[in-house]
Amino acid sequence: MAGDATAQEKLFALREQIARLEGRPVPALAAAEQGMLAREPERTAKSNELRLSFGIPELDAALEGGLPMDGITEIRSRLSRDAGALSGFALALAARLQRQEEGEGLACAPILWIGDAASMQEAGVPYGIGLLQFGLRPETFLYAAPRKLSEALWLAETAVASGALGVTILEIRGNPAHFGLAESRRLALRAKAAGRPLFLLRHAGEEEASSALFRFLAEPAPASKRRLPDGSMLGGSIGQPSFRLILEKSRNPAPLSFLLEWNAHDRQFLPAERTGIPFPFGNEPAHSLPRLPASSDRSHRPPEMGAVLALDRAS
């Protein structure tokens, strides 16, 4: 009991410090904390309802029911060339969220994608026709391209706090110095207060401390062949988009790996079949070719031009 009281006292002290930084009155915050503790069972039940399920029992169990709809979910990639898998997985989550809203009889709220200038130069921007084919409604998709990281963070914080968006997607590149635990904490507080999700996409970034409840590492995976109505596979075809996901941050003691494919028509995830194709790791080229044999007993310089004539002289 004494240990719990000490932990609560430290928690109140930290929240009071955050309130001072944000310019809120400290006594009001302390009273709000006491009220939150009194309503803890009700708040916990409501939090469990705000989840986005994948529809895959193993993954949903690892996520304690699904992704939180009132917090931050981080998705990162190791390399810039994996931008397609990173962006595709985030768009698939947004499309599944729209499907969940439609199933509940709600109007689809807009989706805001906040693009980073450096990531945009490397990975491009979302394309309207591609969004439609991926299962999204382009008329509900908004795109913003701030020039600076500070402007992107301000826009993300304002968008989440408004509560008018279905999901806010913040795209950054790497591990910038001006986006750390403090900035992540502010975004998490806004998402919690508004009850809206924020997807943080980190292109070519390393693991670092953040306020995200879950963090995925997204990588491309070999797609299976297209399945015909009779259940057979169409040879030489390419099936649905596939992702290799590693759940790096969660309450599980060790990272978990999942291989999923996205069905854009039904807007749902399915366990991908093992194709037997080895997944490339490292810096090997995507389309490897046989290497040419090393030259031997040959000149390292090309012959001089004009020494040989194609035809003999007529006279």
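Residues 230, 116 in ascending order of nearby Cβ atoms (within 10 Å, fewest first): 230, 116.
Under 5 Å from the amide H of residue 272 lie the amide H atoms of 259, 260, 261, each residue being 5 or more positions distant or on a separate chain, with H modelled from the backbone and absent for Pro and chain starts. For segment 174-179, putting each phi into the Karplus relation 6.51 cos²θ - 1.76 cosθ + 1.60 with θ = phi - 60° gives couplings of x, 10, x, 5, 8, 10 Hz, in residue order, rounded to whole numbers and with x for Gly and Pro. Decide, for segment 87-165, between rounded, prolate and oblate: order the square roots of the alpha carbon gyration tensor eigenvalues as a ≥ b ≥ c, take rounded if a/c falls under 1.5, and otherwise choose prolate if a/b is larger than b/c, else oblate. Because a/c hits 1.5 or more and a/b fails to exceed b/c, segment 87-165 counts as oblate. Each residue of segment 65-70 was assigned a 3J(HN,Hα) from its phi angle through the Karplus curve 6.51 cos²θ - 1.76 cosθ + 1.60 (θ = phi - 60°); the sequence is x, x, 6, x, 9, 9 Hz, with glycine and proline shown as x.
Please compute the length gained on full extension between residue 60 and residue 127, using 0.36 nm multiplied by the number of residues separating them and subtracting their Cα-Cα distance. Stretched fully, the residue 60-residue 127 segment lengthens by 21.1 nm. Taking amide H positions as modeled 1.01 Å from N, with prolines and chain starts lacking one, the residues under 5 Å from residue 52 and 5 or more places away or on another chain are 67, 69. Couplings for segment 132-143, taken from phi via the Karplus curve 6.51 cos²θ - 1.76 cosθ + 1.60 with θ = phi - 60°, read 5, 5, 8, x, 9, 9, x, 5, 9, 9, 10, 10 Hz in order; Gly and Pro are left as x.
Starting from the Cα gyration tensor of segment 43-197, take the square roots of the eigenvalues, sort them a ≥ b ≥ c, and report rounded, prolate or oblate (rounded when a/c is under 1.5, otherwise prolate if a/b is larger than b/c, else oblate). Rounded shape, in that the Cα axes give a/c under 1.5. Cβ crowding within 10 Å ranks 102, 157, 171 as 102, 157, 171, fewest other Cβ atoms first.
Each reported figure results from applying straightforward, stated rules to the coordinates on display, with no laboratory input. Owing to the predicted nature of the structure, the values given are computational and were not obtained by experimental measurement. As a convention, Cβ positions derive from the backbone with ideal geometry for all residues, glycine included, and neighbour counts pool all protein chains shown.
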